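Notes for the one structure printed next.
The values are calculated or read from the model by the stated rules, or taken from the named source; none is laboratory data. Since this is a predicted model, take the numbers as computed values, not measurements. Cβ sites come from the backbone with ideal geometry, for glycine too, and all protein chains shown count toward neighbours. These area figures cover heavy atoms from the full protein model, side chains too; ligands, DNA and RNA do not enter into them. Shrake-Rupley method; radii C 1.70, N 1.55, O 1.52, S 1.80 Å.
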Amino acid sequence: MGLSKYLASLYHSRTLNAYEPVDQSPDRHHRNRHHSIFEPFLYHHVRGKRTSLVVVFFLAPITIFAAVILIFHLIYRISLLDEFMYGIPQLPDYNEFWQQEDHLPQHNTSLQFPEGPKGRYLMFSNQAWGYGLNNQLQEILLLSHIAYLSNRGYVFQPYIWDAQTSSKAVLDGRQWRSSRIPLRAFISGPTAGGQFSAADHSPRSVSVQWWEKICPPERRTVLDVAEEHTRWGIDENSQGKTIMEHWSKKLLHMNDPCVEVIGPVIYDFPLIASPRILSIWPSLSSSPILTRFSWSTLVKSAVYRNLPLFYSAPSLPTPPSSSSSSSKSDSTVSPPKLPSKSNDGNSSGGHRHPPPPSLSSLNYQSNSQPGSSTNTSTTIGGLLAIHLRRGDFRIHCHWLADRLEPFAGWNQFSFLKDRFKPPDDMDGVLTRGRKHAAYMERCWPSVEQVVEKLEMTKRDHPLLDKVFVLTNGKKEWVRELKAALTQGYQNTTVVEDEYVEHYRWSSVITSRDLSILRNEREVDQAVDMEIARRAEVFIGNGFSSLTSNIVMLRLSDSTPAENIRFW
């Protein structure tokens with residue numbers, strides 16, 4: 001007998017007992033008393049069993065169905081559920097920049113060799129995606145430099161956060177972000193299809209859409225990185241220069257017009273994070289990939305709007321006219337049309353201000369030697385920019401400590417100050433606590449350590465009087481830091497038996513204080529970087545790719561090495 005039938009028969013048998021003849025036996029009172037005690041319990045017990053069966057039979061399928069939908073959603077992301085839980089994404093469409101990339105002048109079938117239908121093109125299908133802007137930017141510049149050395153047009157791709165979705169927006173934690181952003185929304189210059197100098201006839205970079213048109217699959221010659229590196233004897237100890245020279249030499253001597261590179265990435269994280277990457281610098285630093293590097297009009301517009309924060313009114317230079325030009329400006333494409341100014345200050349999908357020329361054309365005080373570089377360094381006098389990465393970077397700092405990692409990327413140059421040597425733990429004597437303390441001071445400095453470092457820097461550079469903080473820290477932490485720097489920290493320092501008050505900076509501006517429009521929010525990191533690039537002195541996080549790229553740009557501008565510091 002099934003469970004349901006048994007429970008039903010039990011219930012009916014107990015119910016029918018109420019209609020049986022009254023027991024008149026002498027011991028009836030004893031039995032009735034026993035019956036009266038357990039009868040309610042048995043009745044509700046059976047009734048509860050029946051209710052449970054209803055719940056199981058009717059709610060279980062609904063629960064299972066909901067669980068299946070949730071699991072499917074977590075794996076494949078159902079956009080409608082995301083929008084229900086986190087709201088409809090309010091992100092820019094970047095239409096003007098997609099159109100820029102579609103209408104580059106080199107996208108022309110009538111052009112002569114090495115461009116046009118018989119041109120030389122190089123596509124890296126193995127280019128990394130899903131990483132932050134600066135991780136991808138490092139690789140993009142290095143790959144476009146290989147294309148330049150091999151006399152091929154670099155095929156640039158969008159900044160890709162999620163290549164596995166067809167949706168324009170994806171969730172990053174609880175925040176929406178664009179799955180793909182046109183590269184020209186971040187940067188311009190030769191890497192993103194900009195012009196080389198008039199004397200340089202190298203083929204210009206093209207978009208991936210043009211590559212699909214001009215180089216269909218049947219015209220492509222495919223090279224696998226793993227096979228080529230095995231053939232050349234390249235391993236995890238090979239210098240970056242060796243890898244660069246092998247690729248550029250092979251690609252230069254190939255007559256195939258359309259070359260596609262697949263397989264593992266060429267410049268992986270272990271290479272970029274190691275001193276082996278430094279051997280590429282002499283070649284890269286003199287390449288137009290770097291000397292003519294420029295941010296996008298979107299980024300430069302935001303930077304120029306915020307410059308008054310770093311100047312007193314009399315010293316703020318007059319905005320240059322729209323006819324101004326620079327060696328670093330990108331003149332191949334006219335700026336996108338600007339929408340009319342809205343009243344709410346939150347317009348999206350376009351500029352609110354005319355894009356200025358490249359910031360290198362602005363008449364700021366310069367600390368570079370005249371003629372020392374093709375880049376014209378422009379300095380915001382008296383400004384100390386500091387990079388304080390917060391958020392989930394703390395976990396990364398502990399990971400670095402466990403692996404005894406050195407500084408990353410271009411932060412490893414021996415001529416820079418504040419170098420970092422991982423503690424020696426060859427014998428396993430160094431405790432985990434001591435390792436992590438040594439790393440956290442350089443990777444995750446406290447407010448007290450920041451105050452102390454800035455005062456030491458002030459003694460070396462007495463003319464510094466204002467601070468710009470590049471940070472993703474929470475509001476409460478940023479507020480505490482600003483108070484410590486502008487009001488003097490609550491503690492005093494004893495120097496030679498005398499109490500010394502901490503220096504109070506005249507102005508402390510953070511990333512949160514900048515005026516960033518809605519259509520600029522996904523490129524605001526580049527706005528921070530350009531301001532830090534122009535600061536008189538910069539203190540960075542030696543383990544950060546953002547700091548590494550700022551160091552790269554400052555060195556390209558011939559910034560004195562003593563003006564590049566680290567925690």
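Return the loop-located GluC sites (Glu not before Pro) in the range 199-236 (DSSP other than H, G, I, E, B) with at most 14 other Cβ atoms within 10 Å of their own Cβ; answer none if there are none.
Numbers: sites: 212, 218, 227, 228, 236; in loops: 236.
Answer in residue order: 236.
Taking packing as the residue-averaged number of other Cβ atoms within 10 angstrom, the listed peptides 519-526, 246-253, 390-397 run from highest to lowest as 519-526, 246-253, 390-397. Pairs spanning more than 25 Å between alpha-carbon atoms, out of 421/453; 300/466; 249/300: 249/300. In this structure residue 389 has an accessible area near 80 Å², from a 1.4 Å probe over the protein heavy atoms.
In terms of packing, defined here as the mean over residues of other Cβ atoms within 10 angstrom, the peptides 400-410, 135-145 line up highest first as 135-145, 400-410. Charge tally around residue 396: other residues with Cβ under 14 Å, Lys/Arg +1 each, Asp/Glu -1 each, net +2. The Cβ shell under 11 Å around residue 209 holds other residues with a net charge of -2, Lys and Arg each +1, Asp and Glu each -1. Given +1 at the Cβ of Lys and Arg, -1 at the Cβ of Asp and Glu and no other charges, the dipole of the range 207-308 around its Cα centre is 620 debye to the nearest 20.
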